[in-house]
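Each remark here refers to the structure printed beneath this line.
The values are calculated or read from the model by the stated rules, or taken from the named source; none is laboratory data. This structure is a prediction, so every number in the text was calculated from the model and none was measured. Here the Cβ is made from the backbone with ideal geometry for all residues, glycine too, and neighbour counts use every protein chain on show. Calculation scope for accessible area: heavy atoms of the full protein, side chains included, ligands and nucleic acids excluded. Shrake-Rupley method; radii C 1.70, N 1.55, O 1.52, S 1.80 Å.
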Amino acid sequence: MTRKRIGVLAGLAVIAAMGIGVGVAAAVSGPSGRPAAAGTPAGPGYSWYQSMMSRYYGGSMMGGSPGGWMMGRQGYQWMTGGTSAPGWMRGGRLPGSMMMSGTTDPGQIMGKLWAGAPGPRVSAAEAIRLGSQVPARASINRAANTVTFAAASVRLVAVASPAGGPDETFRIAGLVNPAITVPDGARVSIEVVNADPDTAHGLVITASADTSSPMPMMTSQPAFAGSAVWFLGNPTAAGMHTATLTFTAATPGTYHYLCPVPGHAQKGMTGTFTVSTSG
């Protein structure tokens, strides 16, 4: 993708006028490449967020007085989401405060803003290895493009927009957007790596079947508590951002995993996630 410059932000009043809600406490467990658990504005994540935002606050990207809405707890929670999608993922269009010249992909905005976020990272070489490795206790059918688990403990890695592969897809066990099946009640751990050089990506397990929509998260919340990492920033010289989501696949059925950034599932960042009673 072509790197885009972040444009002028319209100001805090625009956000407030839109009435966009604040995210609730995050259910994600394990290490996280996000600034911090949403709804818990404390520790290095929130401190980093305030430092990052202060570089733009009152300048070319953002207006307002110190201590205003975007810089505070509500702004932080709104941006990082939690068990609910961030407000900018739930509306029909980007809020005016996040409008950007030259692109309609909010992932390019968030990728650049969150590039310096604290959290675990991996090297480009490690991302290639992780995207190709076969998970323990997994059965791989490359012809059918499936990854099937029978064990009660499931661990896998999903690399977003991997090097050498199709853009706007996930690489899992060397496959592109494979169909994943886990047994009912399995404890699932998915490490997500953002390998895209200039765009944020995330991963959510959702009950929504409308993956052709540019805004699939408008129709459904995450299917399981903890089954969402909303976005990871652009890679830097320090490495590629990674986050781990952990949840219990408690209800049998067919779900989808997808990148929740608007438009990305529509472009191909999605696959099926089945919880089977026959596991």
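Summary table below
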| quantity | calculated |
| --- | --- |
| Formal net charge of residues neighbouring T270 (Cβ-Cβ distance under 13 Å; K, R +1; D, E -1) | -1 |
| Within-13-Å neighbourhood charge of E191 [Cβ basis; K, R +1; D, E -1] | +3 |
| Proximal charge balance of L130 [Cβ under 10 Å; K/R count +1, D/E count -1] | 0 |
| Net length gained if the chain between S212 and R137 were fully extended (0.36 nm per residue, minus Cα distance) | 23.8 nm |
| Accessible area, probe 1.4 Å, largest first, for residues K267, K112 | K267, K112 |
| Whether region 127-279 is rounded, prolate or oblate, judged on the alpha carbon gyration tensor where a/c under 1.5 counts as rounded | oblate |
| Listed peptides 204-213, 172-181, 154-163, 224-233 by packing density, highest first (mean Cβ within 10 Å) | 224-233, 154-163, 172-181, 204-213 |
| Surface accessible to a 1.4 Å probe, per residue, for the residues of region 156-236, Å² | 26 |
